[in-house]
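The values are calculated or read from the model by the stated rules, or taken from the named source; none is laboratory data. Note that this is a predicted model, so its numbers are computed, not measured. When we count neighbours, we look across all protein chains shown, and the Cβ atoms used for this are built from the backbone with ideal geometry, even at glycine.
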């Protein structure tokens, strides 16, 4: 009877070790960098946005394609594209935003890298709206 319990404990330990090992391998595979496999007849737009040295999320409208949030790598037909990136600064009550425009030439089988660099501070004008219901604190 003692040997049957020992075998059951050993089986349990083996199963636990296998599950832990599979979890570690699965985590490594999930975060392992992947090569982008080129699609036939396509190129890639690799787009990122920065504020200073920090990567930020900007909304990018690509001509004849649509809107995407940075960062992204998008397979597209070879050709010329206009990208309008808008970054909204965090502030209250109405966050100001800044838009930049760049043109990209995409070549079949190649990645075209576009980086938008937004300033860390922007100048905003202050105007008083005398009809503002909350008033203006000074």
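A few remarks follow.
- Residues of region 62-71 satisfying the condition of being surrounded by 13 or more Cβ atoms within 10 Å (Cβ to Cβ) and either over 17 Å from the mean Cα position of the chain (by Cα) or at pLDDT below 95 (or both): 63, 65, 70, 71
- Some residue of region 41-49 being modelled with pLDDT of 65 or more and either exposed (fewer than 10 other Cβ atoms within 10 Å of the Cβ) or assigned to a helix (DSSP H, G or I) (or both): no
- The lone exception for residue 109 - which of (1) assigned to a loop (DSSP other than H, G, I, E, B); (2) crowded, with 16+ Cβ neighbours inside 10 Å it fails: (2)
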